[in-house]
Amino acid sequence: MKHALALRDTSPAPARDKVPLFDLSYQAERLGPKLNQRIAQVLQHGRFILGPEVEELEAALARYTGARHVVGVSSGRDALIIALMALGVGAGDAVFVPAFTFSATAGAVVAAGAVPVFTDVDPVTLTMDAEQLERAIKRTLRDSRLRPRAIIPVDLYGLPADYAAIENVATKYGLSIVADAAQSFGARAGSRRVGTLAQISATSFYPTKPLGAFGDGGAIFTDDDQLAQAVREIRSHGTRGSGDVAMRLGLTGRLDTLQAAVLLVGLEVFEERLALCRQIAARYQQAFSGVVKTPPQSALLSSAWALYTIRTPDRDNVRARLAEVGVESGLYYRVPLHRHPAFAGWLTGEEDLPVSERAADEVLSLPLHASLEDGQVDHVIEAVLLAVSS
Ligand SMILES: *Cc1c(COP(=O)(O)O)cnc(C)c1O
């Protein structure tokens, strides 16, 4: 703590000591020439929509995750919408989503024509609580206007949700599961990778996600042949193959060839980046345990470390103190979904979501990315220890 006290007495750190929450330079720095080459190839063949790189990426992602089918799509949100449409979810259907997640999880449900029903999260993992889920299903069953149809567990911050417990509930009530794996590409539950943990899974390649493109992108994973066929049709206006007849309603939901080319190169260093993130996360865990609530550690689950998020009742003060010494932090999420104006029209009035509300007041995400240098990690650790003790 001697060091920390010294820090307190000095003026704010100079700008060069700034530690950004995200840093996307790793891929470009490590892979510049390869990226240029891949991009140049796309410009040369000119097949910007569903060019050969999309299929090549889908095959590579299938190999990596172990999923039977992978379909590249336009974004994480579109991946969720397309998955729901492929399952036939629509008007009159209730889809259960955690109240503590990014707004796109529930936004996709509304876009598919269904009704999001908010459920509370587990106080330790902050992912969907299976007991609370069952309570919400029972409540919905008493309301004859809505038919429970599907569940969207979210792999928050990169940690897979409790799919075993959620699947028990899903089976009991005959519901489908769509995994929102936007933050968890690369994570595992036991020996199984994200992409194989649910009937159908949706991920995002938004630049700050674990595997990031240079723009928007996403993918859908499933072992189900019929669902995969439906997903392929829906992403391309509902048409089959190169046909021009819409077999079903679809959307403009394809992954760009250029983004597929970028992702193919990014995938080559993905494990290396993940390993660096794991090492930094381990240092944070050791430094912060017993001081603030740290992300849950589990022998079974491995995180993709999309975000490293601590919890402290003194969150706003800690965040301000970190900013003073150049440590950027983030609030994921500051407002639970049932408090978003966009979803006001879908509330039942029976929302009782204390864990989500408390989490929204306490979470603070710290810089965690492969470009962090040891000295920057030291700086973050010292700054957090000082901030929470003052
Ligand atoms: C990022 C994210 C999405 C949406 O992904 P986009 O590619 O930005 O559309 C959906 N759900 C969660 C949990 C996310 O973090």
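Look at (1) closer than 23 Å to SER356 by Cα; (2) in a helix (DSSP H, G or I); (3) open to solvent by 30 Å² or more (accessible area, probe 1.4 Å) and you find that ALA170 fails only one, number (3). Of all residues in region 300-309, none are without any contact (Cβ under 8 Å) to a residue 40 or more places away in the chain, among the small types (Gly, Ala, Ser) and outside any helix (DSSP H, G or I). With the structure loaded, tell me whether ALA230 is crowded, with 19+ Cβ neighbours inside 10 Å and over 22 Å from the mean Cα position of the chain (by Cα) or whether it fails that test. For ALA230, the condition - crowded, with 19+ Cβ neighbours inside 10 Å and over 22 Å from the mean Cα position of the chain (by Cα) - is met.
Answer with yes or no whether GLN297 is in a helix (DSSP H, G or I) and either of a type outside the set (Val, Ile, Thr) or on the phi > 0 side of the Ramachandran plot (or both). Considered against the rule, which asks whether it is in a helix (DSSP H, G or I) and either of a type outside the set (Val, Ile, Thr) or on the phi > 0 side of the Ramachandran plot (or both), GLN297 comes out as no.
Just one residue in the set LEU276, LEU249, LEU263 is touching a residue at least 12 places away in the same chain (Cβ under 8 Å), in contact with a His (Cβ under 9 Å, 6 or more places away or on another chain) and either part of a helix (DSSP H, G or I) or of a type in the set (Lys, Arg) (or both); that residue is LEU276.
Out of GLU328, GLU324, one residue alone is surrounded by fewer than 20 Cβ atoms within 10 Å (Cβ to Cβ), among the charged types (D, E, K, R), touching a Leu at 6+ places or on another chain (Cβ under 8 Å) and farther than 22 Å from GLY190 by Cα. It is GLU328.
Scan region 279-294 for residues that are touching a residue at least 12 places away in the same chain (Cβ under 8 Å) and not in a loop (DSSP other than H, G, I, E, B) and the total you get is 8.
Residues being open to solvent by 30 Å² or more (accessible area, probe 1.4 Å) and either in contact with a strand residue (DSSP E or B) (Cβ under 6 Å, 6 or more places away or on another chain) or closer than 14 Å to ILE49 by Cα (or both) are entirely absent from region 260-274.
Across region 230-246, the number of residues qualifying as touching a residue at least 60 places away in the same chain (Cβ under 8 Å) and either of a type in the set (A, V, I, L, M, F, W, C) or part of a loop (DSSP other than H, G, I, E, B) (or both) comes to 4.
Being closer than 30 Å to CYS277 by Cα, modelled with pLDDT of 95 or more, in contact with a Ser or Thr (Cβ under 7 Å, 6 or more places away or on another chain) and surrounded by 18 or more Cβ atoms within 10 Å (Cβ to Cβ) narrows it down to one residue among ASP256, ASP216; which is it? It is ASP216.
Residues of region 88-105 being open to solvent by less than 30 Å² (accessible area, probe 1.4 Å) and either more than 22 Å from ARG142 (Cα to Cα) or in contact with an Asp or Glu (Cβ under 7 Å, 6 or more places away or on another chain) (or both), which ones? ALA99, PHE100, THR101, ALA104, THR105, listed by residue number. When restricted to residues that are more than 8 Å from the ligand (Cβ to nearest atom) and in a helix (DSSP H, G or I), region 74-102 contains 6.
Here is a yes/no grid of residues against (1) without any contact (Cβ under 8 Å) to a residue 60 or more places away in the chain; (2) under 30 Å from GLU271 (Cα atoms); (3) open to solvent by 50 Å² or more (accessible area, probe 1.4 Å); (4) assigned to a helix (DSSP H, G or I):
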site	(1), (2), (3), (4)
ALA344	yes, no, yes, yes
THR348	no, no, yes, no
ASP352	no, no, yes, no
ALA360	no, no, no, yes
SER365	no, yes, no, no
VAL377	no, yes, no, yes
ILE381	no, yes, no, yes
ALA387	no, no, no, yes
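Across region 153-195, the number of residues qualifying as away from the ligand (no atom under 15 Å from the Cβ), within 18 Å of ALA83 (Cβ to Cβ) and acidic (Asp, Glu) comes to 1.
Test VAL109 against the stated conditions and say whether it is closer than 20 Å to GLU351 by Cβ, assigned to a strand (DSSP E or B) and under 21 Å from the mean Cα position of the chain (by Cα). No; evaluated as a whole, the condition is false for this residue. So for region 157-176 (the condition being more than 17 Å from the chain's Cα centre (by Cα), at pLDDT 95 or above and of a type in the set (Phe, Trp, Tyr)), does at least one residue qualify? There is at least one residue in region 157-176 that is more than 17 Å from the chain's Cα centre (by Cα), at pLDDT 95 or above and of a type in the set (Phe, Trp, Tyr).
The values are calculated or read from the model by the stated rules, or taken from the named source; none is laboratory data. Values in this document were obtained by computation on a predicted structure and should not be read as measured data. Ideal geometry is used to build each Cβ from the backbone, glycine not excepted, and the neighbour counts take in all protein chains shown. Surface areas here come from the heavy atoms of the whole protein model, side chains and all, with no ligands, DNA or RNA. Shrake-Rupley method; radii C 1.70, N 1.55, O 1.52, S 1.80 Å.
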